[in-house]
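**Q** Shown below is the structure under consideration.
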Amino acid sequence: MFRFFENLVNPYVDYPETDSPPNRLWPFLWDYSQPFKRLFLITAIMSVVVAAMEVWLIHYMGRLVDLLSGATPAEVLAAHGLELVAVAVFILIVRPVLQGLDVALLNNGILVNFGTLIRWRAHRHVLRQSVGWFENDFAGRLANRIMQAPPAAGDAVFQVFDAITFSIAYLIGAAVLLWEADIRLVLPLLVWLAFYGVLVRWTMKRVGPASKASSDARSMTTGRVVDSYTNIHSVKLFAHHDSEIAYAKDAIEHTRRTFANEMRIFTMMDVMLTALNGFLVVAVVGWSVWLWVQGSASVGVVAAATALTLRLNAMTGWIMWAVSTFFRSLGVVAEGMETIAQPIDLVDTPDATPLALTRGGVRMDGLSHHYGRGSGGLRDVTLTIKPGEKVGLIGRSGAGKSTLVKLLLRFYDPEGGRILIDGQDITKVTQDSLRLNIGMVQQDSSLLHRSVRDNILYGRPDATEEEMIEAAKRAEAHDFILDLADPQGRIGYDAHVGERGVKLSGGQRQRVSLARVILKDAPILVLDEATSALDSEVEAMIQTTLYGVMEGKTVIAIAHRLSTIAHMDRIVVLDDGTVAEIGTHDDLLAKGGLYAGFWARQSGGFIGTEEAAQ
């Protein structure tokens, strides 16, 4: 039975993906609610039916009091016995069925799937953002918003149907019931309702912004805490335990203050609501008793009015809390939208086509990029790399080497100039096809917190087990992988490597990364200090493998250790964002410029990158 309701909406249904989702709250929620429109309507109808049923039960209680007070038991049973049995059957069977249907639609049909749909689509949207976008925020805060906003949206929907729709229908039913009993009984209800509306408006005007501020503070706290955990090695290495505690405490205290401000609103609301409900009970019940004293109302009317007002008295706190929760949840969603509703800042052009890589030639034409700062990065770099050519890239820190690689991978779009691969502007081809044709081994080889097998197969998921193992062997990784074991008892290629691969040594991580790139077998290869984390013995073995991997590929190798690029076809020296020198190792030594100065100063084959060459 549960599966029927859970399958009423598929949260993973196809949808028109957009680069710029709605950035206002109600259009945002409306867009995500499209698959639920019919289910929302049915649930709203059932909520009204349940509310009407509850009001009718109170009405019938008044009728029952009148029946019992106006005749003997025998006369009541003779005249109304069948009616009483029918009401009992309704209460025992029909009412639970209708109530169960209403709850199942809401709990199992909507709540299970609505938050899932938002989280799924939000995660898909965020993953499409550029690398630069992720570099500008805490990963913890981004994840917190992805996790926090969907259940908040689900809570908002829940309150709409469980409380708001129900309470509106209940209040209308209560007014009708009192109207039928005596029109004068409606007056105190309307007065109360007017003041209640003022209180609701006062609360809602404050609780939304307060909730958003509180949610934002929680996200900031999560971001700081996760940042400390992610960089725990640095925290321990520099003995910054106390400073990290203080750093987190500032955020935790800010969260406490924002939450305290939010709770003040609810406390004031509760006090005012208690006074307002006292007026409702005294006014409606007192007036109904006065009407009974005057002979204008029956005992049943007094009983129904009393039951109704006591029910409303109990409900109003729940309704106010539900309405407050509704707007509070909207505040959390609004805070989450700061992440999940941001437009994609780097997209494929509408007419983008897959990269048709035929030879692997790369040309950088007047390339400039300063990360929006006006300085740093690259300045008017023009460089042609022939198909199959191996080019070494060197320069001091900040010379622009990493920027050039990021632009080649289109992690950023250049602020000036362009990059062509086989004559195709990379901003005019699809990003996935571009990156599928480029293999890269980075200096900081972070791995996924998954098995070694999953990490290597990330290079080519459809590879066979034999191909994966062969890639690991070529990367000199197979032997140590067989000896791996994790705390859960998984061994070898099934062992998990920890977050960012922290359970492996730097050299082991680098070799797994090399295996991944070897398995990918992309025609363009980028090596960013690919052997920097390896000891000399392993590096010597890996170098032989790398030379084999480079065969037939276009290669760009960034290095501080000049011995690793001395045999490249050409060496490009970057300085202050421009191409300062270019030529073979022997040509550049003979020229006596920057490269010759680096070579003269190197210690163990490393560039003195922080020193200026004379």
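**Q** What order do you get for 39-46, 305-312, 117-124 when each peptide is scored by the mean count of other beta carbon atoms within 10 Å, highest first?
**A** Per-residue mean Cβ counts within 10 Å order the peptides as 305-312, 117-124, 39-46.
**Q** What ³J(HN,Hα) values, in whole Hz, does the Karplus curve 6.51 cos²θ - 1.76 cosθ + 1.60 give for region 204-215 when θ = phi - 60°, with x put for Gly and Pro?
**A** My calculation for region 204-215 gives 5, 4, 9, 6, x, x, 5, 5, 4, 4, 5, 5 Hz in order.
**Q** Sticking with this structure for a sec: Averaging the inverse of every distinct alpha carbon separation and then flipping it gives the Kirkwood radius. What is it for region 61-166, in angstrom units?
**A** 18.5
**Q** Between ASP575 and residues 5 or more places away or on another chain, which pairs have amide H atoms under 5 Å apart, with H built 1.01 Å from N, and which residues are they?
**A** Correct list: ALA580.
**Q** Tell me, what ³J(HN,Hα) does each residue in region 68-79 have, in order and in whole Hz, if you take phi through Karplus 6.51 cos²θ - 1.76 cosθ + 1.60 with θ = phi - 60° and put x for Gly and Pro?
**A** Along region 68-79, the couplings run 6, 8, x, 7, 6, x, 5, 5, 5, 5, 5, 7 Hz.
**Q** Still on this structure, I have one more. Angle check, please: helix 536-550 long axis (alpha carbons) against the longest principal axis of the chain (alpha carbons), in degrees 0 to 90, nearest 10.
**A** The two axes meet at around 90 degrees.
**Q** Summing -39500 (n - 2.57) over the DSSP H runs of n ≥ 4 in the chain and dividing by its residue number, what mean residue ellipticity at 222 nm do you reach, to the nearest 500 deg cm²/dmol?
**A** Here the helix-only value at 222 nm equals -19500 deg cm²/dmol.
**Q** OK, next. Order the peptides 367-373, 144-150, 19-25, 432-438 from the highest to the lowest mean number of other Cβ atoms within 10 Å of their residues.
**A** 144-150, 432-438, 367-373, 19-25
**Q** In Å², and per residue, what accessible area does the chain have when probed at 1.4 Å with the other protein chains present?
**A** Spelled out: the 1.4 Å probe surface of the chain, per residue, equals 48 Å².
**Q** With the cut-off at 1.5 for a/c, could you classify region 558-601 from its C-alpha gyration tensor as rounded, prolate or oblate?
**A** rounded
**Q** Then there is this: Roughly how many nanometres apart are two label points built 7 Å out from the Cα toward the Cβ at TRP30 and ILE232?
**A** Those two pseudo-labels are separated by 4.7 nm.
**Q** Picking from MET440, ALA580, PRO209, whose Cα lies most toward the positive end of the charge dipole for the chain (charges on Cβ: Lys, Arg +1; Asp, Glu -1)?
**A** Checked the options; the winner is PRO209.
**Q** Sticking with this structure for a sec: List the aspartates and glutamates whose Cα sits under 20 Å from the Cα of LYS553, skipping any in the same chain fewer than 8 residues away.
**A** Within reach: GLU389, ASP422, ASP425, ASP432, GLU467, GLU470, ASP521, ASP528, GLU529, ASP569.
**Q** Sort region 327-379 into rounded, prolate or oblate with this rule: let a ≥ b ≥ c be the square roots of the eigenvalues of the Cα gyration tensor; rounded if a/c is under 1.5, and if a/c is not under 1.5, prolate when a/b is larger than b/c, oblate otherwise.
**A** In terms of gyration-tensor shape, oblate.
**Q** Highest mean first, what order results for 240-246, 581-587 on Cβ atoms within 10 Å?
**A** Answer by packing, highest mean first, reads 581-587, 240-246.
**Q** What is the magnitude of the charge dipole of region 337-452 about its Cα centre, with +1 placed on the Cβ of each Lys and Arg, -1 on the Cβ of each Asp and Glu, and no other charges, expressed in debye to the nearest 20?
**A** 520
**Q** Taking all protein chains in place and a 1.4 Å probe, what share, in percent, of the accessible surface of the chain do carbon and sulfur account for?
**A** Exposed carbon and sulfur together represent 60 percent of the surface.
**Q** Taking amide H atoms as placed 1.01 Å from N in the peptide plane, list the residues 5 or more away in sequence, or in a different chain, whose amide H sits under 5 Å from that of ALA522.
**A** Result for ALA522 returns GLY439.
**Q** Whole-Hz Karplus ³J(HN,Hα) for region 42-47, in order, using 6.51 cos²θ - 1.76 cosθ + 1.60 and θ = phi - 60°, x for Gly and Pro?
**A** 5, 5, 4, 4, 5, 5
The values are calculated or read from the model by the stated rules, or taken from the named source; none is laboratory data. Since this is a predicted model, take the numbers as computed values, not measurements. All Cβ positions, even for glycine, are placed from backbone atoms using ideal geometry, and neighbour counts span all protein chains on display. Just the protein is used for accessible areas: all its heavy atoms, side chains included, with ligands, DNA and RNA removed. Shrake-Rupley method; radii C 1.70, N 1.55, O 1.52, S 1.80 Å.
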